[in-house]
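As structure tokens, the structure follows; a few thoughts come after it.
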Amino acid sequence: MDSFELKSEEEFNKEFEKEFSKPLEIIGTDKKDIFTLFSENKTYIYSVLFYIAGLLAGSFVYKNCKNEVLDTILNSPNEEFIQLLLNNLSIYMLIFAVSVLLGVCLVGFPFINIIPFIIGFEAGMKIAYFYINYGVKGIGYSLLMVAPYVCLFLTVIVYSVSMSYDLSKKIYNITVKKSDMSEEFSYKTYLKKYLAYAGLIALAAVINTAVCTALNGIISI
């Protein structure tokens with residue numbers, strides 16, 4: 001009887017330890033999954049973080065350096081559709097071209113996140129301008145006018161920045177560190193993706209221009 005009870009107690013302890021260790025295994029797996037997820041998407045995460053940093057920096061700079069020159073630059077007059085489209089296209093493509101140049105540059109990858117920072121900086125200054133000068137109404141206006149630009153253009157640029165980072169890092173590894181030599185490397189694949197991103201950026205410029213032109217006829221501050 002005693003041996004039976006002892007055996008049952010031992011089995012109970014083993015089962016208890018087994019059940020108790022399951023949450024620890026799950027926690028370990030979750031940590032591993034989170035680390036893997038971060039490693040696989042770190043370029044996107046860094047782009048978002050740098051964009052947020054740019055937003056904060058732009059707002060801070062405008063708040064502390066507010067003057068008539070900045071107000072004149074940020075308060076651009078209403079423009080015709082074609083003129084506004086050309087302006088947007090030139091700015092969008094210039095930023096995209098910088099991301100491509102950094103991608104094909106040997107040491108471009110450490111500086112690639114300056115692009116989302118600059119985009120965030122400009123958006124932060126605009127939002128701060130509208131808020132400081134027009135209050136809550138300015139916030140609503142900036143969300144309607146700036147949000148399409150941010151959502152469409154920034155999304156494409158984040159993917160472009162990520163690909164440029166990978167391309168520049170591969171060029172650096174092959175040229176300087178002499179690693180990744182066995183990995184198949186095709187510029188054509190990157191070229192096709194860059195052309196696709198350029199098309200999406202042109203589409204974003206058209207959509208953003210159309211939205212801004214339509215809202216300018218309805219909303220004014």
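The values are calculated or read from the model by the stated rules, or taken from the named source; none is laboratory data. The structure presented is a predicted model; accordingly, all values stated were derived computationally and were not measured. Using ideal geometry, Cβ is built from the backbone for each residue, glycine included, and neighbour counts are taken over all protein chains shown. Ligands, DNA and RNA are excluded from the accessible area calculation, which covers all protein heavy atoms including side chains. Shrake-Rupley method; radii C 1.70, N 1.55, O 1.52, S 1.80 Å.
Could you tell me which of the residues 50, 111 is touching a residue at least 40 places away in the same chain (Cβ under 8 Å) and of a type outside the set (Gly, Ala, Ser)? Show your work before the answer.
On the way: 111 fails: touching a residue at least 40 places away in the same chain (Cβ under 8 Å).
Just one listed residue meets the conditions, 50.
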For the stretch 116-138, pairs from a residue that is in contact (Cβ under 8 Å) with a residue 40 or more places away in the chain and among the small types (Gly, Ala, Ser) to a residue that is surrounded by fewer than 19 Cβ atoms within 10 Å (Cβ to Cβ) and not in a helix (DSSP H, G or I), with Cβ under 8 Å and 6 or more apart or across chains, are 138/221
For the stretch 191-210, pairs from a residue that is farther than 17 Å from residue 95 by Cβ to a residue that is at pLDDT below 90 and of a type outside the set (Val, Ile, Thr), with Cβ under 8 Å and 6 or more apart or across chains, are 210/81
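Is it the case that residue 113 is closer than 15 Å to residue 212 by Cα, open to solvent by less than 30 Å² (accessible area, probe 1.4 Å) and modelled with pLDDT of 80 or more? Reasoning before the result, please.
Working: closer than 15 Å to residue 212 by Cα: no; open to solvent by less than 30 Å² (accessible area, probe 1.4 Å): yes; modelled with pLDDT of 80 or more: yes.
Taking the combined requirement at face value, the residue does not satisfy it.
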Check: Can you spot a residue in the stretch 67-89 that is open to solvent by 50 Å² or more (accessible area, probe 1.4 Å), of a type in the set (Phe, Trp, Tyr) and at pLDDT below 90?
Finding: yes
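From the list 190, 159, which residue is open to solvent by less than 60 Å² (accessible area, probe 1.4 Å), touching a helix residue (DSSP H, G or I) at 6+ places or on another chain (Cβ under 9 Å) and among the hydroxyl-bearing types (Ser, Thr, Tyr)? Give the steps one after another, and end with the answer.
Numbers: 159 fails: open to solvent by less than 60 Å² (accessible area, probe 1.4 Å).
The conditions single out 190.
Here is a yes/no grid of residues against (1) out of contact with any Leu (no Cβ under 7 Å at 6 or more places or on another chain); (2) under 21 Å from residue 71 (Cα atoms); (3) modelled with pLDDT under 80; (4) open to solvent by 30 Å² or more (accessible area, probe 1.4 Å):
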| residue | (1), (2), (3), (4) |
| --- | --- |
| 126 | no, yes, no, yes |
| 130 | yes, yes, no, no |
| 134 | yes, yes, no, yes |
| 144 | no, yes, yes, yes |
| 165 | yes, no, no, yes |
| 173 | yes, no, no, no |
| 182 | yes, no, yes, yes |
| 201 | yes, no, no, no |
| 214 | yes, no, yes, yes |
